[in-house]
Every structure is written in structure tokens, then in C-alpha cells.
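The values are calculated or read from the model by the stated rules, or taken from the named source; none is laboratory data. On a predicted model such as this, the values are computed, not experimentally measured, just so you know. Cβ placement follows ideal geometry from the backbone for every residue including glycine, while neighbour counts extend to all protein chains displayed. Please note that ligands, DNA and RNA were not included when accessible areas were found on the heavy atoms of the full protein model with its side chains. Shrake-Rupley method; radii C 1.70, N 1.55, O 1.52, S 1.80 Å.
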Amino acid sequence: MSDADLSIQDVSKEYPTAAGTLTILNKINLELNRGDALAITGPSGSGKSTLLYIIGTLENPTTGKVMLNGQDPFELKPSDQALFRNQEIGFIFQDHHLLPQCTVLENVLIPTLVDKGATSAKTAQAKSLLDRVGLTERIHHRPAQLSGGERQRVAVCRALINNPTVLLADEPTGNLDPHTADSIGSLLLEISQEQNTILICVTHSEALAERFQLRQDLSNGKLNVLSTADANEGNEGS
Ligand code: ADP
């Protein structure tokens, strides 16, 4: 058995359709450890979000096994799985999904409400994370009073507040202008290193993907390791 912090063994995802079985993921294998940063690229519809959602326990694999921090989350009963997800996994989506009626600080603290509530230690941690991303002056603002990049910075803090083992980002810069996207990309890479978290980022952006230490391309249901040379070749002319 693998002793990696995250291991995905022969994970497949199939959907039954009128035209027969649609295989989206075909026996995917992946092992990552804290501190690793992986970018997943690939054509639209190739199953990148599906893979991310399986790792995030939001979708079940049809077959195969996921182990995160020594636990198979799909063996847990639903309430324990929800708690596991809350503690072990941070999500960053293309849209920030902040609650509009809550302040920046409250939004960051929301994942802590499931467990012991917003303790003073967690409030201090939230403020420290918000300071780290340059938002100390904005903690009492509401999301509507922030720029797109600032909202995504809040979403990064919210994803990290429970010290997750893995940070999953689905097109985190897809709605941002190039300059802001660049700074959010830097923040994600730096902060996941600082927090010793596994970062897995699905992106269409070559500019973002090429900054990752590890790169894989998902196509035809399979993950393929991209060497730097492959990635540069794919870049030519773009
Ligand atoms: P990507 O993130 O690479 O764009 P997705 O993971 O969103 O791809 O989707 C992968 C494929 O799975 C798509 O072709 C999509 O149509 C298909 N798919 C997703 N959910 C279902 C479903 N419930 N039934 C059938 N096909 C589905």
C-alpha cells in the first residue's frame, strides 16, 4: 500500500448513457505528498473537474481507491465524510463563492463553524492569513466591496483556515485579468508551500501551468506526465 499523503489508485469514472457507457476517467493513478504542486491541463470535457471533485470527495469514483492522510474517504459514513472533507480539503473555484452578506473575516471563518465554531485561535489565524494575502485593511468589507482578485484572495484564506492536507483549485484564475491572474497564481504557489499543503490546480492557462513543479495532462481518460520539454512544445505558437 502507498504511504503517500494522497494516493489515487486505478480510479475510473463512468456514466451510463443511452449510447452506452461513457468512460471519463480510465484507471487513473497519482501519488502526491505535502509540498507538491501539480497543474492538470487538458481539453475541455476531458474530466479534469471530475477528477478534482473525486479527490475532493464531492463525487464518488465508479471504481478505484483514494487515500488521503491514511484514510479512504469513501469508506466513511456521510456525516464523517463531510467532516473529513471540511478538515482535510480546501477548495478554490473559478467563482469565489463567498457569502455576500458576510464580511471578509466571517467568510474565512465559515469552514470552522462545522467543528468547534470560530474560536479566538481560529479568528487570530484568519486574521493572520488575511494579513498574509494583503487584506488586513479589508477584513470588515463585504465581498461586493472588493475587486475580483481580492475576492479570490479571501477564497484562498477560507480554503486554508482548517490547515487542509490538500488544496484543490478549479480554474482559479479563469475570471481574472492577466495581471491579477499572475498574482493569484504566485500567491497559490507560495502559500501552499508555506502551509506545506498539496496543491492541485486545474487550469487552461499555460502561463499558470508552466509555473508548477509537476504537470500532467488529462486526455482520453488518462493522466500523462508532461516534462518541461513537452510543455514547452505545447506552448509553441500560442
Ligand atoms: P473538464 O473539467 O475537463 O472540462 P468535466 O470533468 O467537467 O471536464 O466533464 C467531463 C465529461 O463528463 C464531460 O464530457 C461531461 O459531459 C461528462 N459528464 C459529467 N457529468 C455527467 C453525467 N452526470 N452524465 C454523463 N456525462 C457527464
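Average accessible surface for the chain: 47 Å² per residue, computed with a 1.4 Å probe over protein heavy atoms with every protein chain in place. Over 17 Å, how big is the tail of the calculated P(r) for the stretch 103-238, in percent of all Cα pairs? Of all Cα-Cα pairs in the stretch 103-238, 62 percent lie more than 17 Å apart. In units of the compact-protein estimate 2.2 N^0.38 Å, the stretch 1-100 shows a Cα radius of gyration of 1.14.
The order of Lys116, Lys13 by accessible area, most exposed first and with a 1.4 Å probe, is Lys116, Lys13.
Using only alpha carbons, the stretch 122-181 has a radius of gyration to Kirkwood radius ratio (Rg to Rh) of 0.96.
Our helix-only sum for the chain, with -39,500 (n - 2.57) per DSSP H run of n ≥ 4 divided by its residues, gives a mean residue ellipticity at 222 nm of -10000 deg cm²/dmol.
Note on the chain: Cα-only Rg and Dmax are 17.9, 55 Å. Taking each residue as 0.36 nm, the span from Asp3 to Ser219 lengthens on full extension beyond its C-alpha to C-alpha distance by 75.1 nm.
Scaling the Cα radius of gyration of the stretch 88-156 by the globular reference 2.2 N^0.38 Å produces a ratio of 1.02. Need one number: nm distance between label points at Asn163 and His179, each 7 Å from Cα along Cα→Cβ, rounded to one decimal. Spacing of the two 7 Å Cα→Cβ label points: 3.7 nm. For Leu199, the residues whose amide H sits under 5 Å from its own are Gly35, Asp36, Ala37, Leu38, Leu167, ignoring neighbours fewer than 5 places away on the same chain, with H placed 1.01 Å from N.
Share of carbon and sulfur in the accessible area of the chain stands at 48%, probe radius 1.4 Å.
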